[in-house]
Amino acid sequence: MEQGDEPTVRVKDRRRFDAEGNPRQDAEAEPPTASSEPPTAPRESPPAAPVPSALELENQRLLEELETTRKRMNDLAWAVKNGEREREEFKQRLQRERDQLMDLERAKAATALLEAVDELELCLKAAPADNALSQGVRLIRDGIVSRLQQSGLERLEVVGRTFDPNEHEAADMEITGHADDDQKITAEVRAGYRFKGRLVRPARVKVARYVQPANA
């Protein structure tokens with residue numbers, strides 16, 4: 001280099017200086033040093049739960065009120081239906097009890113009339129069958145019995161049947177030598193009646209009793 005000339009500066013690292021030799025502003029910071037460990041990726045935070053809006057909250061509240069109202073309506077409908085069924089059952093039970101009470105009163109009235117029928121039958125047994133009076137008594141008896149039968153009264157058929165203490169009263173006994181006839185009803189002393197399937201008066205009957213014949 002000749003004397004008198006200004007020394008020149010050589011820039012080897014051009015990344016830190018521009019063409020005129022001025023330092024770059026973005027190069028004032030020290031470059032990052034190389035590291036043997038690879039850079040770790042930043043941790044991602046979990047996404048935040050979406051915050052419901054005021055409209056969504058209002059819709060949710062209305063849906064809950066609607067479900068509560070629906071359940072309440074179902075409970076009321078069931079209560080009304082159950083009440084109607086209980087009322088109908090009560091009416092039917094009341095009607096059955098009323099019918100039974102009326103049948104009981106009819107049975108009492110029929111029993112009282114049966115006493116008159118018994119007396120008329122005694123008159124018929126004592127009087128001649130071809131007598132005009134007997135025919136009139138028979139007509140009266142048959143008329144009363146017919147009306148009683150129309151109201152539900154039924155006369156028991158007893159002759160030839162086996163004696164049943166629930167329907168029959170043994171008024172007399174007849175000895176028989178046939179084992180098959182034992183406890184069979186041979187005659188009717190007083191008629192028995194049912195009223196709509198219910199016994200209102202047992203029949204008085206004569207019952208056969210088997211006695212083994214003595215060996216000759």
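Before we move on, is VAL207 surrounded by 14 or more Cβ atoms within 10 Å (Cβ to Cβ), modelled with pLDDT of 90 or more, in contact with a strand residue (DSSP E or B) (Cβ under 9 Å, 6 or more places away or on another chain) and over 20 Å from LEU113 (Cα atoms)?
Considered against the rule, which asks whether it is surrounded by 14 or more Cβ atoms within 10 Å (Cβ to Cβ), modelled with pLDDT of 90 or more, in contact with a strand residue (DSSP E or B) (Cβ under 9 Å, 6 or more places away or on another chain) and over 20 Å from LEU113 (Cα atoms), VAL207 comes out as yes.
Could you please let me know if GLN135 is within 24 Å of ASP99 (Cβ to Cβ), of a type outside the set (Asp, Glu) and free of Cβ contacts under 8 Å to residues at least 24 places away in the same chain?
It is false that GLN135 is within 24 Å of ASP99 (Cβ to Cβ), of a type outside the set (Asp, Glu) and free of Cβ contacts under 8 Å to residues at least 24 places away in the same chain.
In the stretch 32-63, which residue that is exposed (fewer than 10 other Cβ atoms within 10 Å of the Cβ) and acidic (Asp, Glu) is modelled with the highest pLDDT?
Residue satisfying both the conditions and the ranking: GLU44.
Tally time: how many residues in the stretch 114-140 are in a loop (DSSP other than H, G, I, E, B) and either in contact with a strand residue (DSSP E or B) (Cβ under 7 Å, 6 or more places away or on another chain) or not acidic (Asp, Glu) (or both)?
Looking only at that region, the number is 4.
Suppose we filter the stretch 141-155 for residues that are in a helix (DSSP H, G or I) and either among the charged types (D, E, K, R) or more than 25 Å from PRO202 (Cβ to Cβ) (or both); how many remain?
Number satisfying all stated conditions: 3.
With the stretch 165-212 as the region, which strands (runs of 3 or more DSSP E) entirely inside it contain at least 1 residues that are under 20 Å from GLN149 (Cα atoms), in contact with a Phe, Trp or Tyr (Cβ under 7 Å, 6 or more places away or on another chain) and touching a residue at least 40 places away in the same chain (Cβ under 8 Å)?
By residue number, 198-201.
Somewhere in the stretch 183-200, is a residue within 48 Å of the chain's Cα centre (by Cα) and of a type in the set (Val, Ile, Thr)?
yes
The values are calculated or read from the model by the stated rules, or taken from the named source; none is laboratory data. In this text the structure is predicted, and so the values were computed from the model without any measurement. For neighbour counting, all protein chains shown are included, and Cβ atoms are generated from backbone atoms with ideal geometry for every residue, glycine included.
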